[in-house]
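Single-structure report; data block below.
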Amino acid sequence: MRIVTGAETARQTLLRRAPLDEPALPPAVRETIRRVFGAELDAAAVVERILRDVRQDGDEAVLRYNEAIDGVPPSHPLEVAREEIANAHQAVDESLVEALSLAARRIRDFHERQMEHSLRSFQHNGLGQIVRPIQRVGLYIPGNKVIYPSTLLMMAVPARVAGVGELVMVTPARDDGTVAPLKLVAAGVAGVDRIFRAGGVQGIAAMAYGTETVPRVDKICGPGNIFVTLAKKKLFGEVGIDGIFGPSETLVVADAGADARLVAADLLAGAEHDELATAVLITDSRELADAVSRVVESQRSSMERAAVAETSLEARGGAVVAGSLAEALELASEFAAEHVCLHVRDIPAAVKAVRNAGCVFAGDLSVESIGDYTAGPSHVMPTGGSAAYASPLGVHDFLKASSIVQLDRETLEAVGPAAAEIARAEGLTGHARAVEARLRKEPQ
């Protein structure tokens, strides 16, 4: 595992953020594009084509792309029938259903508490706001080879707590036309109302524009590949978007007394997310960095996703030896990672020092992996340094506020003349006159 020394070296190497440009498409993907579109197109052009077609042709375009890209027979209706959802429970172990239910309860409990401290309606002296939940939210759930029911829970449960009126889910079907049972079971646990077979861009487009079958939503949530990410960017403004999420990031800040085995375990867990994941240790102890490196090297080849973890660690993993623990915490704050794991003695001081993070895992018992599943806060969190200004997904993402202005005569006369004067200074005569028409004495 690569080890670098000093803050400036770290900023130029392991902690340097390179822009995530559109990646080179794998040969199999390029071949699919040639087959489907009859031309060499980049990812952006593919997204443009699919969005245009779904907007124009609705269900027909969604079914066509489902078949052409995912191999789903068009004879299967877009909406998943209640019978298929009911049968899914027979294909999923009861112990896994119980685990999902426990996770859902923990997520619900946390977000109910968050709701108590979120946006509130109020009115005072004729001014106020009224807070309402978003009416209809669409959830995109990717994948068939790898399925993440936890992400579905982490989005749907907070939406339900916020009071969203209807939850719509789109997800790619398998080539036999069925949806993976684990997705259907998780959707039931989370309280999803309707489920549709639609993968990738056509699924995002169907929710954004609405089709004959898929209802138009007010906001779209959920991760995806480069095509889904580009579609969400393109549609921002036409429909609400939860965020643009990049590869997973894990920073471990540890002092000399940390357990090298536990630090290594957190780094390996972070690295196995995907090949582009970041997993970095920042410590004030060269001895700890060396010990962690030895554990990582001895364990990474035995992981089920060893190839993924090794690629991630070789490209974006390693350890930084800082001049002090204070410097280590400052580097963590600058990087603004999705996950920051603190393996230090003085936890309260370290938590206070980390200004920017999607989630802080305070203490070596607070393992990030539990945060991914059963701790309670949503694991949908800002990446790419956006933790410097953005927050994890929560009930606030599913609420919206409308301001209320209800003036009485006394307030109107107290603030109206100033409003009219500012309006005239801006050249907005109509604005000024609208105010003056309501004042007791109108200008001549």
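A short reminder: the numbers here are calculations on the coordinates, not readings from a lab. As the structure is a prediction and not an experimental result, all values here were calculated from the model. Counting neighbours? That spans all protein chains shown, and the Cβs are built from the backbone with ideal geometry, glycine included.
In table form, for the structure just shown:
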item: Pairwise label distance in nanometres, SER402 with VAL29, each label 7 Å out on the Cα-Cβ vector; result: 4.2
item: Lysines whose Cα lies under 24 Å from that of LYS145, excluding same-chain neighbours fewer than 8 positions away; result: LYS183, LYS232
item: Convex hull volume of the chain per residue (C-alpha atoms, cubic angstrom); result: 199
item: Amide H partners (placed H, <5 Å) of GLU249, local residues excluded; result: THR278, GLU338, HIS339
item: Relative contact order computed over the chain (Cα-Cα under 8 Å; 6+ residues apart), in percent; result: 19
item: The chain: DSSP helices with Cα axial extent of at least 18 Å and average Kyte-Doolittle hydropathy no lower than -1.0; result: 43-57, 94-116, 149-162, 286-299, 409-425
item: Shape call, the stretch 34-111: gyration tensor on alpha carbons, a/c limit 1.5; result: prolate
item: ASP346-GLU112 pseudo-label distance in nm [points 7 Å out on the Cα-to-Cβ vector]; result: 3.8
item: Quotient of C-alpha Rg and 2.2 N^0.38 Å, computed over the stretch 82-241; result: 1.11
item: Alpha carbon centroid spacing (whole Å) that separates the stretch 63-102 from the stretch 1-46; result: 31
item: Normalised contact order of the stretch 228-330, rounded percent, pairs of Cα under 8 Å and 6 or more residues apart; result: 29
item: Loop GluC sites (Glu not before Pro), the stretch 396-444, which have at most 12 other Cβ atoms in a 10 Å radius of their Cβ (DSSP); result: GLU426
item: Rg followed by Dmax, in Å, when the stretch 1-149 is reduced to its Cα trace; result: 23.7, 64
item: Highest-MSF residue in the chain out of GLY126, GLY58, GLY385 [GNM, Cα springs under 10 Å]; result: GLY126
item: Proxy reagent accessibility, fewest Cβ within 10 Å first, across CYS341, CYS221, CYS359; result: CYS359, CYS221, CYS341
item: TYR140, TYR148, TYR389 arranged by Cβ crowding within 10 Å, fewest neighbours leading; result: TYR389, TYR148, TYR140
item: Given charges at Cβ of Lys, Arg, Asp, Glu: the chain dipole, positive-most of ILE204, THR13, VAL72; result: ILE204
item: Sparse-neighbourhood loop sites, GluC sites (Glu not before Pro) in the stretch 1-94 - DSSP loop, at most 10 other Cβ within 10 angstrom; result: GLU40
item: Residue order, fewest to most surrounding Cβ atoms within 10 angstrom, among ASP42, ASP255; result: ASP42, ASP255
item: Gaussian network model of the chain, springs between alpha carbon atoms under 10 Å - residue of ARG345, ARG424, ARG132 with greatest fluctuation; result: ARG424
item: In the stretch 251-346, the GluC sites (Glu not before Pro) that fall in loop regions by DSSP, at most 13 other Cβ within 10 Å; result: GLU304
item: Mean Cα-pair separation over length for the stretch 1-143, i.e. relative contact order, pairs under 8 Å, 6 or more apart, %; result: 8
item: Charge dipole of the stretch 1-116 about the Cα centre (unit charges at C-beta), most positive-ward option of HIS111, ALA91, GLY58; result: HIS111
item: Kirkwood hydrodynamic radius of the stretch 287-379, from inverse mean 1/r over distinct Cα pairs, in Å; result: 14.8
